[in-house]
Amino acid sequence: MGVLNVTPDSFSDGGRFMDRAAAIAHARRLAAEGADLLDIGGESSRPGAAPVGEDEELGRILPVLQALRDLPIPLSVDTRRPRIMREALAAGASMINDIEALEAPGALEAVAASSCGVCLMHKKGDPATMQQDPAYADVVAEVKAYLAARIAACEAAGIARERIVADPGFGFGKTEAHNLELLRRLAEFAELGVPVASGWSRKSTLGAITGRPAGERLAASVAAALLSAQAGATILRVHDVKETRDALAVWLALRDGTA
Ligand code: PT1
């Protein structure tokens, strides 16, 4: 899953893709580099990010979504808002990626009314404050129980299990130790019975490990993506599609004896 930020304040792209044409061109490049899926976001959710108005978010996402409908890969929209979900689905989105796991009033209904896929992500708190001393007794147990409950809520709302992906939400209300514990035990999330997604790309825990700023976390991001895949994640949310695919190709050649 290639990341397409259509935000002026995104944590690593620094607004370079605010320009609509640039965002569209970048999406085409990610697709050409081998992305199986693109995730279009109009509101940054990195730590400390402020919420964006609904009309502003819609105005960022919809034109890009419409311009990319001819791509041969499905498009996901990263949003917490039911109105944006409905408009994005009407404009051809195939998946909703929600860092709030459809908790907003009306979100379950918006997704249930279509046949799209949905990514349910765990977070503790809101992006503006979520890194202020997050605490868990057992981070894996708590995140897993939350995702299981959200999967059950989806099924009760008429969203079939086959449409659902679960994501532990690396960096969302988690310390470096929490993020590492979740990655170390990521294989346990298979017990949820749905595909697992993982997003480590350029995140601050990789900065803490390597001592590098967001723009220099490529190798660390590829390593985290590969480790996620080896632990069973089948959707990797990444900025650097080409490099991640190469790393996966080496592992898959070894695993499957295809080279
Ligand atoms: C993610 C994800 C996402 N991450 C899904 N959607 C972001 N499903 C946005 C940092 O610590 O992992 N899964 N949508 C980006 N969010 C963050 C969070 C970016 C933390 C940066 C950090 O640097």
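Of note:
- The loop-placed trypsin sites (Lys or Arg not before Pro) in the stretch 22-108, going by DSSP, that have at most 11 neighbouring Cβ atoms within 10 Å of their Cβ come out as ARG69.
- Using θ = phi - 60° and Karplus 6.51 cos²θ - 1.76 cosθ + 1.60, couplings along the stretch 48-61 (whole Hz; Gly, Pro as x): x, 5, 8, x, 10, x, 5, 5, 5, 4, 4, x, 7, 7
- Counted by Cβ distance under 10 Å from ARG245, the other residues give a net charge of -4, where Lys and Arg count +1 and Asp and Glu count -1.
- Placing pseudo-labels 7 Å out from each Cα toward the beta carbon at ARG29 and ALA177 gives an inter-label distance of 4.0 nm.
- Built amide H within the under 5 Å cut-off of MET130, gap 5+: GLY48
- Apportionment of accessible area to carbon and sulfur, the chain, percent (1.4 Å): 54
- The stretch 237-251 - phi-based ³J(HN,Hα) in whole Hz, Karplus 6.51/-1.76/1.60, Gly and Pro as x: 8, 9, 7, 9, 5, 4, 5, 5, 4, 4, 4, 5, 4, 5, 4
- Efficiency of FRET from Cβ geometry, VAL250 and ALA50, R₀ 41 Å, rounded to 0.05: 0.55
- Length added when fully stretched, GLN230-ASP138, from 0.36 nm per residue minus Cα-Cα: 30.9 nm
- Lysine pairs with alpha-carbon atoms under 26 Å apart, the chain, spacing 8 or more or separate chains: 10
- For the chain, accessible area per residue (1.4 Å probe, heavy atoms of protein chains only), Å²: 43
- Across the stretch 210-225, computed HN-Hα scalar couplings (Karplus, 6.51 cos²θ - 1.76 cosθ + 1.60, θ = phi - 60°) run 9, x, 10, x, 3, x, 10, 10, 4, 5, 5, 5, 5, 4, 5, 5 Hz from first to last residue, x flagging Gly and Pro.
- Surrounding net charge for GLY34, when Lys and Arg each add one and Asp and Glu each subtract one, Cβ distance under 13 Å: -1
- Only helices enter the 222 nm calculation for the chain: every DSSP H run of n ≥ 4 contributes -39,500 (n - 2.57), and dividing by all residues gives -12500 deg cm²/dmol, rounded to 500.
- Qualifying GluC sites (Glu not before Pro) in the stretch 84-137, where qualification requires a DSSP coil assignment and no more than 15 other C-beta atoms within 10 Å, comprise GLU103.
- Summing +1 for each Lys or Arg and -1 for each Asp or Glu among the other residues whose beta-carbon sits under 13 angstrom from that of ILE209 gives +2.
The values are calculated or read from the model by the stated rules, or taken from the named source; none is laboratory data. What you see is a predicted model, and the numbers here were worked out from it, not measured in a lab. Cβ: placed from backbone, ideal geometry, glycine included. Neighbour counts: every protein chain shown. For accessibility, only protein heavy atoms count, side chains too; no ligands or nucleic acids. Shrake-Rupley method; radii C 1.70, N 1.55, O 1.52, S 1.80 Å.
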